[in-house]
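Working notes, structure below.
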Amino acid sequence: MHIAIIGTGAREHAIAWKLSLDPTVQLFNFGPTHNPGIAGLCQAVGIGDVTDVTAVLQWCQEQKIDIAWIGPEAPLAAGVVNALEAFGIACIGPTQQMARLESSKSFTRELLDKYEIQASPSYRVFTSMDGVADYMWSLQDDVVIKPDGLTGGKGVRVMGAQLKTREDAMAYCSELFAEGAKRIVIEEKLVGQEFSLMSFSDGKHLVHMPAVQDHKRAYVGDAGPNTGGMGSYTDANHSLPFLNEHDVIFARQINEQTLYAIQEECGEEYKGIIYGGFIAVRGGVRLIEYNARFGDPEVMNMLSLLKTSLVDITKAIAERTLDQLHVEFAPLASVCKYVVPQGYPDKPVRGEPIDITQVDQAKVQLFYGAVDQTEGGLVLTGSRAVGLVATGTTIAEAEQVVEQEIKKITGPVFHREDIGTAALIDERITMLRNLRHA
Ligand code: AMP
Ligand code: GLY
């Protein structure tokens, strides 16, 4: 069996690594860069634009691909799955219509309303500045402004963070419309603790993964600009230290209801990953957003814990038999941290060498992201460079191992020392407890 992995980041390295543990399949990789970690696991590597539907299809046909794992959101939104499936190549990833769950924030909010899934904050969709001021001042709490469409996590602006006042929020809306935005979602700002809950879907059955918390801000203490995610952790009980069991059950139910809704709406089967970005708030759990693919870095935690063969899961998704597979995650905690170039995300250094040879890969799983292999060694290419994951009986144990190994990486890089530490986790527990018992 020939399996292709589309995309060349650390997420795709994690997928390729897990698939490679089953020697019965041959792996192939297509994407914009040459990822040395992925290339070492593959029979062939194609370099190209993953949103160029024709190029992806042609390459998959040349390599006689049976099943393609679509890593990032951009090729899903571009319709790569529609093209591959039309030529008999099974895909792990939804079609373009269903990927609107991620690629259009207004679509998702309206879908949830239509199917009476009660998990959204107050929100309204605007196509011009008409009514924006009235709505903004009618909301008691702070607001969040979201341009519709994929923005790589950089388009959303939140009052209290990137926006100071409602006037700033108005100015941002005007700016977005002036730049050609068609639709903007304005919603109430939710206060609480964010977490992700991802599920495998074969179109009929869902298999939920452990809850996981990402860290979007660049610097220690949740300071600095938003990034793709600096690191993530999970707990041994597959919940998170600040959540109660109702929170996790609710998030799973929302994924189930949303899967039903999107399939009903589009008349198609959703095969792949459904990723709910949730926030535990005073009154329960609310939905921040949906993604239509594995989270990065969260995937590194998930696949490090997954005990079942990812090849078996892949086949079961393609054949709609996920219910017949016993999917198991190790009852362990995990911590993942990224090293990123100095200056990331705004002005990252590029082309500088990074030395990872001292990392003990018996202790941590290492995934290559934005790095290039040159004659002189590995060099940084400007985004999240290398992800390290450890598992352990407690979060603290896993955190210590990652910290010990990540410090051995040299070069103009940094990472967040606080991810997974007791101090940061205690802060989160206290914050939510105070909110819920106030
Ligand atoms: P998104 O692109 O939808 O993931 O949004 C990026 C980030 O903005 C999220 O991870 C949250 O931290 C924040 N965010 C989005 N929507 C809200 C909301 N309604 N309330 C509070 N924070 C939000
Ligand atoms: N870690 C957030 C994301 O993958 O969107």
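Please treat every number below as a calculation from the coordinates, not as lab data. In this text, all values refer to a predicted model and were calculated from it rather than measured experimentally. Please note: Cβ atoms are built from the backbone with ideal geometry, for glycine as well, and neighbour counts cover all protein chains shown.
For the stretch 336-438, what is the relative contact order in percent, using Cα pairs closer than 8 Å and at least 6 residues apart in sequence?
Relative contact order for the stretch 336-438 comes out at 34 percent.
Among 70-77, 182-189, what's the highest-first ranking by average C-beta atoms within 10 angstrom per residue?
70-77, 182-189
Ignoring everything except DSSP H segments at least 4 long, calculate the 222 nm mean residue ellipticity for the chain; use -39,500 (n - 2.57) per segment, divide by total residues, nearest 500.
-9500 deg cm²/dmol
Taking 8 Å as the Cα distance limit and 6 or more residues as the minimum spacing, I'd like the relative contact order of the stretch 164-226 as a percentage.
18
Please work out the Cα center distance from the stretch 209-271 to the stretch 368-407, rounded to the nearest Å.
Each part's Cα centre sits 22 Å from the other's.
Compute the length gained on full extension between residue 260 and residue 216: take 0.36 nm times their separation in residues and subtract their Cα-Cα distance, giving the result in nm to one decimal.
12.9 nm
Would you be so kind as to identify which of 89, 308, 150 lies farthest towards the positive end of the dipole of the chain, taking Lys and Arg as +1 and Asp and Glu as -1 on Cβ and the Cα centre as origin?
150
If only Cα atoms are counted, what is the Rg of the stretch 378-438, and what is its Dmax, in Å?
15.3, 51
Checking the cross-link filter: which lysines have an alpha carbon closer than 30 Å to that of residue 271, excluding same-chain neighbours under 8 positions apart?
18, 64, 105, 114, 146, 154, 182, 204, 216, 307, 315, 337
Which order results if 172, 233 are arranged by neighbouring Cβ count within 10 Å, fewest first?
Final ranking by Cβ density, sparse to dense: 172, 233.
For 69, 17, what ranking results if the residue with the fewest other Cβ atoms within 10 Å of its Cβ goes first?
By the 10 Å Cβ count, ascending: 17, 69.
May I ask you to list the residues of the stretch 215-243 whose amide nitrogen lies under 20 Å from a point 7 Å from Cα along the Cα→beta-carbon direction of residue 437?
Taking a point 7 Å out along Cα→Cβ of residue 437, the residues of the stretch 215-243 whose backbone N falls under 20 Å are 240-243.
Only bridges whose two residues both fall in the chain count here: according to DSSP, what percent of them are antiparallel, nearest 5?
80
Neighbour counts of other C-beta atoms within 10 Å: give me 84, 378 arranged from fewest to most.
Ordered from fewest to most neighbouring Cβ atoms within 10 Å, 84, 378 come out as 378, 84.
Relative contact order, percent, of the chain when contacts are C-alpha pairs under 8 Å separated by at least 6 residues?
That works out to 16 percent.
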